[in-house]
Amino acid sequence: MTDRFGLTQSGLKLALQLKQSYAAKQPLILLDESHRLLMPEHLLNPQIDLQTFEDPMPLAIVAVRDPDSPMSIAAAVRMAPKARDRQLVSNLFEMLGETSKHSVVRKCIDLVTEHDFDPEVVNRVRRSASRFVNMSRKQYMDALKRNLRALMEGTMEPRCFVDDFFELSEAGNLRLDIRKRLVMGILTSESVRPSIKFLFLENLVRLPEALRVEIITDVLRTPDTRNLSVIKQELLWIKREASVH
């Protein structure tokens, strides 16, 4: 139930959980049965019911705490209409402009508040935020491609490449199907050394559980090659360990 200030008990509870998730560097997951990652596109689409994520407090936490500007700006845009008729939410929204570390979020909040939460201005900011998200994602993809080229040319250390791969794919909020295709491509490639593939296996835990299961299942179904058979043995061990726990 929403109180007269525009907040809910479930929203406050989720806000505390999000603070813990950010402290533990865990990904944000949609609260429905899909267990998908929460993406900027979800926040920017007013037609999607985000359940408790609709509450101003969780949105404020994402806008302030998320290390990646696409998610922060998307959360701020989602929160803006809710601040129009609730003074407490309006004050909270304005505070985001003082506390967010992302300049794009501060500019968004300044523009919306200067125009007194005009719905037309909010819609214009939403469209600009969508373009910003797409541009940011392209930049992260370009960085991943440069790193892969550097790895294959021997000018980038494998562990550095793997660390950057997961950080860039997380920061760029890459769609899950793209992450799956990239990881699958590396694990099944005959051009990538087994030692690099094992580094990827060590970091699979950084992916959402459903995506890990899909990758493991699909790699195990891939026709055997000399290099891939070793990777499959390791994946079978990972699969058994997961089923035990």
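The values are calculated or read from the model by the stated rules, or taken from the named source; none is laboratory data. None of these values were measured; they are calculated from a predicted model. No Cβ is skipped: glycine too gets one built from the backbone with ideal geometry, and neighbour counts run over all protein chains shown.
Observations
- The condition of being within 15 Å of the chain's Cα centre (by Cα), touching a residue at least 12 places away in the same chain (Cβ under 8 Å) and surrounded by fewer than 16 Cβ atoms within 10 Å (Cβ to Cβ) does not hold for residue 170.
- Residue within region 80-98 that is among the aromatic types (Phe, Trp, Tyr), crowded, with 24+ Cβ neighbours inside 10 Å and part of a helix (DSSP H, G or I) present: yes
- Scanning region 38-63 for residues that are assigned to a loop (DSSP other than H, G, I, E, B), charged (D, E, K, R) and either outside the structural domain of residue 78 (by TED's automatic domain parsing) or closer than 11 Å to residue 75 by Cα (or both) yields a total of 1.
Rundown of residues vs (1) outside any helix (DSSP H, G or I); (2) under 27 Å from residue 46 (Cα atoms); (3) assigned by TED's automatic domain parsing to the domain that holds residue 68, yes/no style:
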residue: 121; (1), (2), (3): no, yes, yes
residue: 128; (1), (2), (3): no, yes, yes
residue: 149; (1), (2), (3): no, no, no
residue: 173; (1), (2), (3): yes, yes, no
residue: 181; (1), (2), (3): no, no, no
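Results for (1) loosely packed, with under 15 Cβ neighbours inside 10 Å; (2) over 29 Å from residue 70 (Cβ atoms), shown as yes or no for each residue.
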residue	(1), (2)
180	no, no
199	no, no
205	yes, no
216	no, no
222	yes, yes
226	yes, yes
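- Within region 100-133, being under 19 Å from the mean Cα position of the chain (by Cα) and hydrophobic (A, V, I, L, M, F, W, C) holds for 104, 105, 129, 132, 133.
- Flag for residue 201 being under 30 Å from residue 21 (Cα atoms), outside any helix (DSSP H, G or I) and without any contact (Cβ under 8 Å) to a residue 60 or more places away in the chain: no
- Answer residue from region 129-166, given it is in contact (Cβ under 8 Å) with a residue 40 or more places away in the chain and among the β-branched types (Val, Ile, Thr) and is farthest from residue 109 (Cα to Cα) among those: 162
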